[in-house]
Amino acid sequence: MSWHPQYRSSKFRHVYGKAASKDKCYDCVPITHNINDNYFCAVNPSFIAVVTECVGGGAFLVIPIKQTGKLDPHYPRVCGHKGNVLDIKWNPFNDFVIASCSEDTTVKIWDIPNQLLKRNITTPKKELVGHTRRVGLIEWHPTADDILFSSGYDYKIMIWNLSVLGTVLSKPVKILDAHKDVVLSMSFNTNGSLLATACRDRKIRVINPRTGTVLQEGSYKSHRVNKVLFLGNMKMLFSTGTSRWNNRQIALWDQNDLSVPLLEEDLDGSSGLLFPVYDSDTHMLYVVGKGDGNIRYYEINPEKPYLNYLMEYHSHLPQKGIGMMPKRGLDVGACEIFRFYKLIPTKSLIEPISMIVPRRSESYQADIYPLTAAAQPALTAADWLAGIDKEPLLVSLRPRSEAVMSPPQLPDQEPLTEDTDQSQQQESQGRLSVEDKQKPREIEHSRKRLKVYESLPENQQTCLSNGFDMFECPPPKTESELLQMYYRQQEEIRRLRELVIQKDIQIKQLSLELRNLCTHT
């Protein structure tokens with residue numbers, strides 16, 4: 001089974017789910033009764049958006065994230081669609097821009113004001129008209145600004161460049177017509193150079209989104225796929241679906257070979273859909289069941305057994321949809337590593353569910369909060385359309401920290417095509433952060449110290465500076481590893497500086513106490 005072996009070392013072995021109290025939930029929200037298999041909810045650190053029931057067209061609510069409690073029944077809505085809204089997604093680089101798609105065959109982009117809505121929003125910022133049938137899915141590109149993907153029931157995926165002038169766009173920059181049936185799910189890899197899709201024809205495809213070329217295609221008789229997900233840079237895909245006996249099923253695939261799954265496992269006999277959610281920072285995979293109140297979570301490994309079962313969150317309230325808070329909106333002081341927003345239409349309630357790592361210390365836990373994706377694009381729409389790929393910008397979740405660029409990382413396996421390999425090699429030279437460009441002396445000094453260190457005898461090479469153990473962190477051999485070491489040293493210096501400041505404060509307090517004692521005596 002996926003949880004074998006029973007005992008293994010993991011920082012996330014005891015992660016547990018904690019539901020928010022009643023006063024921190026969103027009550028009296030008219031959640032949609034649409035039967036589409038979508039999330040119906042989108043969350044960012046500023047707002048929560050949820051598709052709602054309405055008469056005469058489609059609408060959704062945009063509620064400030066801190067406005068919990070009962071919702072006013074006359075609260076303004078975003079209601080510019082002529083048909084039911086099927087999907088909504090926030091712009092990952094702008095917390096005040098949201099995209100929506102509808103049964104009226106259009107995709108609309110909306111500007112949300114930075115305050116409470118006082119009246120309905122009916123005029124979109126942009127309207128995308130190109131599909132001939134209803135549009136069921138939309139996805140923002142993970143690293144390029146103003147690039148949006150839409151998938152409709154006309155079996156086409158359209159790529160839109162929103163930086164083009166005009167309020168009504170009718171010509172997408174690219175149309176992907178590799179599917180023979182409705183696309184059920186879309187997912188990007190980390191830098192957005194590959195697109196994975198699940199189709200109603202039971203096939204999983206890996207596509208080059210710029211050219212439309214199908215790089216890999218596979219189907220398995222005993223697995224009827226519904227949702228597919230890229231597992232970060234693991235070179236693997238994860239899918240949920242049903243078996244030939246209609247049991248809910250999960251499967252793990254090698255993205256370079258979709259002929260046979262690496263792992264296949266039946267979960268239960270329920271009829272609801274399974275939503276997969278992957279956290280590439282912690283390598284944790286969450287499987288959310290539609291129609292039940294359970295959230296299973298696993299840890300992903302690059303080697304067998306690949307999938308390690310951790311625990312399951314149980315609730316008697318069934319969920320219709322789910323929203324996920326980006327990592328930059330989490331409460332790091334409470335050791336919160338993920339947060340779901342559960343849609344419960346039977347009670348007209350949105351309930352936050354926090355996934356927490358139990359720790360006794362109340363200080364920042366750097367080991368469970370690695371650098372995560374920042375709310376800044378790594379490249380423009382024109383750069384991405386020109387064939388450039390870049391890893392996402394990274395930011396530390398430590399309070400008062402600044403965003404940094406992701407260092408170039410050497411691939412541990414051969415990429416899927418030669419085109420992506422050439423583009424990655426061309427761009428690997430330009431991914432240094434602005435801070436590193438301003439500090440070439442420190443990097444050169446680190447290289448000199450590395451040469452001096454390598455010249456020492458073996459019995460003297462016991463550890464690295466700043467407390468990094470030689471066996472845990474070997475000396476860097478490439479510029480990428482050198483930059484990673486440099487970032488870690490900067491974090492260690494910042495931590496030590498904070499300790500020194502605390503010690504100085506304690507010394508001053510003790511000196512004042514001594515002075516008061518001397519004066520009193």
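The values are calculated or read from the model by the stated rules, or taken from the named source; none is laboratory data. Bear in mind that the values here come from a model prediction, so they are computed numbers and not experimental data. Using ideal geometry, Cβ is built from the backbone for each residue, glycine included, and neighbour counts are taken over all protein chains shown. When the accessible area is computed, the model is the full protein with side chains, heavy atoms only, and any ligands, DNA or RNA have been set aside. Shrake-Rupley method; radii C 1.70, N 1.55, O 1.52, S 1.80 Å.
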Are there trypsin sites (Lys or Arg not before Pro) in the stretch 86-159 that DSSP puts in a loop and that have at most 11 other Cβ atoms within 10 Å, and which ones?
Lys118, Arg119
Heavy atoms of Glu391 accessible to a 1.4 Å probe, total area in Å² rounded to 10:
40 Å²
Here P(r) for the stretch 290-393, Cα-Cα distances in 10 Å bins, as whole percents, is 12, 28, 32, 22, 5, 0
Using θ = phi - 60° and the Karplus curve 6.51 cos²θ - 1.76 cosθ + 1.60, what whole-Hz ³J(HN,Hα) does each residue of the stretch 54-59 get, with Gly and Pro shown as x?
7, 10, x, x, x, 8
Beta bridges per DSSP with both ends in the stretch 16-372, % antiparallel, nearest 5
95 percent
Note on the stretch 97-155: contact order normalised by length, alpha-carbon pairs under 8 Å, 6 or more apart, percent, works out to 33 percent
Largest to smallest accessible area among Ser280, Ser348 [probe 1.4 Å]
Ser280, Ser348
Please report the Cα spread of the stretch 180-241 along all three principal axes, rounded to whole Å, starting with the longest.
30, 23, 16
Order by protection proxy (mean Cβ within 10 Å, highest first), peptides 226-239, 63-76:
226-239, 63-76
Would you mind getting the accessible area per residue of the stretch 16-372, heavy atoms of the protein chains only, 1.4 Å probe, in Å²?
39 Å²
Kirkwood-based shape ratio for the stretch 16-372, expressed as Rg/Rh from alpha carbons
0.94
So Thr213 and Leu317, fully extended at 0.36 nm per residue minus their Cα-Cα distance, gain in nm 33.1 nm
Given a 1.4 angstrom probe, I'd like the percentage of the accessible area of the stretch 185-258 that is carbon and sulfur, rounded to a whole number.
40 percent
Given a Förster radius of 45 Å and the C-beta distance between Ile35 and Gln490 as r, what FRET efficiency does 1/(1 + (r/R0)^6) yield to the nearest 0.05?
0.30
With x for Gly and Pro, the residue-by-residue ³J(HN,Hα) of the stretch 115-124, computed from phi through the Karplus equation 6.51 cos²θ - 1.76 cosθ + 1.60 at θ = phi - 60° and given in whole Hz, is 5, 5, 5, 9, 8, 5, 9, 10, 10, x
Which of the trypsin sites (Lys or Arg not before Pro) found in the stretch 319-391 are in a DSSP loop and have at most 11 neighbouring Cβ atoms, other than their own, within 10 Å?
Arg360
Scoring only Lys, Arg, Asp and Glu (+1, +1, -1, -1) among other residues with Cβ under 15 Å from the Cβ of Ile204 yields +3
Extension length gain for Ala382 and Asp72 (0.36 nm per residue less Cα distance), in nm, is 107.3 nm
Amide H to amide H, which residues 5 or more places from Leu184 or on other chains are under 5 Å from it, using H placed in the peptide plane?
Ala198, Cys199, Arg200
J(HN,Hα) series, the stretch 252-268, from Karplus relation 6.51 cos²θ - 1.76 cosθ + 1.60, nearest Hz, glycine and proline x:
10, 10, 7, 5, 8, 8, 9, 6, 9, x, 5, 8, 9, 8, 7, 9, 7
Just reorder Asp154, Asp111 by solvent-accessible area, largest first, 1.4 Å probe, all chains present.
Asp111, Asp154
